[in-house]
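Notes follow the structure.
The values are calculated or read from the model by the stated rules, or taken from the named source; none is laboratory data. Fair warning: this is a prediction, and the values are worked out from it, not measured in the lab. Note that we place each Cβ from the backbone using ideal geometry, even for glycine, and neighbour counts take in every protein chain shown. Note: accessible area is taken over every heavy atom of the protein model, side chains too, but ligands, DNA and RNA are not part of it. Shrake-Rupley method; radii C 1.70, N 1.55, O 1.52, S 1.80 Å.
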Amino acid sequence: MKVIFALGGSVLMPKEGASVEKIKEYTETFKKIKDMGHEMGIVVGGGYTARNYISVAREFANEAFCDEIGIMATRMNGMLLISALGNYTIKKIPENFKEAELIMNLNKIVVMGGTHPAHTTDAVAASFAEYIDADLLVIATNVDGVYDKDPRKYDDAKKLTKITTTELLDLTGSASISAGSSSVVDPLASKIIDRAKLKTLVVEGTPEEILNAILGNHSGTTIVSE
Ligand code: UTP
């Protein structure tokens, strides 16, 4: 199948930075999935690098400029994955979907980051998934699924194992779009998932859960269109 992963930058690039072990674990998992015969793309987030740079730049620059800095951080993180994927990919971060599709047509894993200001890499992943008619979008992030309210703020938040795209829009629609902000699914991504009727999974961004998402035994949230 054709599958697009949105790999949260915060799982790949936490405050303590990248590690050889971690990059190896993720890239071995992605290679394994590719070897199963899937066509795939990975859209990498900016993580701590993006947040750190944005928080300093915001003192001097507007949101769109901060977004551009965030996009550069996502591409740096993507280059790290590329460095460890060898000939499973090519040494180029595509900057638009036409370039990305060409890489996929070479039977290589597409690794990309952000594209334009005012959204996150979740929206890029959803939009690219729509562009190539993907069978599945996997949002691998720093929470283990979609909750009825923010689990980092509310102890009684409940994980939802299955939700409709309408429920997803209700839950994420009011999230902020300022540079570096974070909601479990970016509001623009939710809208694209809804209009494209994309089968989408939100899972914890560990290598195990990424593999489980493909094997069909993940413990995250399945988003279905009505
Ligand atoms: P991320 O996609 O990493 O956003 O992009 P995030 O919500 O902080 O996600 P995690 O924590 O990495 O999972 C980082 C920032 O880069 C800019 C935005 O400012 C975003 O918050 N960005 C990224 C864009 O403006 N456009 C893009 O296409 C991608």
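Remarks
- A residue that is under 15 Å from the mean Cα position of the chain (by Cα), among the aliphatic types (A, V, I, L, M), modelled with pLDDT of 95 or more and assigned to a helix (DSSP H, G or I) cannot be found anywhere in the stretch 130-137.
Residues are listed down the side, and each one gets a yes or a no for (1) at pLDDT 95 or above; (2) within 15 Å of the chain's Cα centre (by Cα); (3) within 15 Å of the ligand (Cβ to nearest atom):
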position	(1), (2), (3)
MET13	no, yes, yes
LYS24	yes, no, no
GLU39	yes, no, no
GLY70	yes, yes, yes
LYS91	yes, no, no
PRO94	yes, no, yes
THR115	yes, yes, yes
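- Applying the set (1) touching a residue at least 40 places away in the same chain (Cβ under 8 Å); (2) open to solvent by 10 Å² or more (accessible area, probe 1.4 Å) to ILE193 leaves exactly one unmet item: (2).
- Candidates LYS199, LYS162 - the one that is away from the ligand (no atom under 16 Å from the Cβ), at pLDDT 95 or above and surrounded by 13 or more Cβ atoms within 10 Å (Cβ to Cβ): LYS199
- Residue match in the stretch 114-126 (condition: small (Gly, Ala, Ser) and more than 17 Å from LEU198 (Cβ to Cβ)): yes
- Among the numbered conditions (1) more than 26 Å from ARG51 (Cβ to Cβ); (2) within 13 Å of the ligand (Cβ to nearest atom), the only one that LEU102 does not meet is (2).
- THR141 more than 21 Å from GLU28 (Cβ to Cβ) and in contact (Cβ under 8 Å) with a residue 40 or more places away in the chain: no
- Filtered residues of the stretch 138-155 (kept if under 11 Å from the mean Cα position of the chain (by Cα) and outside any loop (DSSP other than H, G, I, E, B)): VAL138, ILE139, ALA140, THR141
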